[in-house]
Each structure stands twice: as structure tokens, then as C-alpha cells.
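Just so you know, all these numbers are worked out from the coordinates, no wet-lab data involved. In this text, all values refer to a predicted model and were calculated from it rather than measured experimentally. Here the Cβ positions follow ideal geometry from the backbone for every residue, glycine too, while neighbour counts run over all protein chains shown.
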Amino acid sequence: MHKLSIYIITILILGACTSNTIYKKPDDLISKKQMVNLLTDIYIANAASGIKNKNLEKNIDYMPLIYEKYGIDSIRFQHSNTYYISRLDDYKEIFEKVEERIKIMLDTTTKSQSIKDSIKLAKKRPDKELLKAPLKKPLTEKKPKFLDKKQK
């Protein structure tokens, strides 16, 4: 009897946790493509909020700037986000694209920083092998081909 009651309670809890509610599509739904762009900017803004900006300010709320950039307000974003959350396949697709874009941005930034670091290092400490290598003769020391021919 005890095992049966635990089994029933477990089923009830799991059943309560899953929601099959699909919200009605809002009239002003943000497109998937724009949602990808918007969520990418939101993630970047959230990451940047803890870092000092060029005015040495920290913990800035960039959300109003993002809403302004996309010409939306927080209510429209909330309705669209809620709609996409209720459609898990769509939301997963959106987040996979957001994740892919952020990875590309991070890789690009990392490569760019690596190049900058390499240039700084080369300026500070030139490669000794390059300094030891003999210089090639300049092109001006070679005789032009037309001078090799005998003049008649």
C-alpha cells in the first residue's frame, strides 16, 4: 500500500510539473529571426552589466536601450517570449541560434585578441631567428635582362 501511494504521488507531481499550455499567438508577435537578434543582445547586455563601461559605470540596465533598438516595449517582448516558451520546439530552435551566434562572436573576439597580443609580443621582443637570417639582395642589384643581350 505504501509503495502504491508513493507511486501515485510521484505521478501527480510529475503531471503537475509538465504544462501543455500553448498560449494564443499575440497580434504583435516578434518574429523568430528578430527574437534571435533580441535575445542575443539581451545576453550580451546582461553579461556587460557587471563590467565597467567607458564612463567607469557598472551595473547599468541596458534593457531600455535594447527595446529602443528593436522598436518594441517590455510588454511586447514579454508576450512574445511567453508565446515562444509555450512552444518548446520553437524556443529551442531560437536558443540554438542564439547560442551559435554568441559562440561565433566569442571565437571572433578571442582570435582578434590573440592577434593583438601576438603583435604586442612581437614588438616587445623581436624573434631572434629573424634577426639572424641573412637579408636577400635587393632587386635593384640584379641586371635587367635587356642589358645581357649584345647590342648590334
Ranked packing of 61-72, 102-113, most packed first, by mean Cβ within 10 Å: 61-72, 102-113
Residues Phe77, Phe95, sorted so that the one with the fewest Cβ neighbours within 10 Å comes first: Phe95, Phe77
Ranking of Thr82, Thr21, Thr40 by count of other Cβ atoms within 10 Å, fewest first: Thr21, Thr82, Thr40
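Students often get this wrong, so check it: of Lys32/Lys69; Lys32/Lys111; Lys33/Lys111, which have C-alpha atoms separated by over 24 Å? Don't skip to the answer; put the middle values down first.
Values: Lys32/Lys69 17 Å; Lys32/Lys111 29 Å; Lys33/Lys111 27 Å.
Pairs exceeding 24 Å: Lys32/Lys111; Lys33/Lys111.
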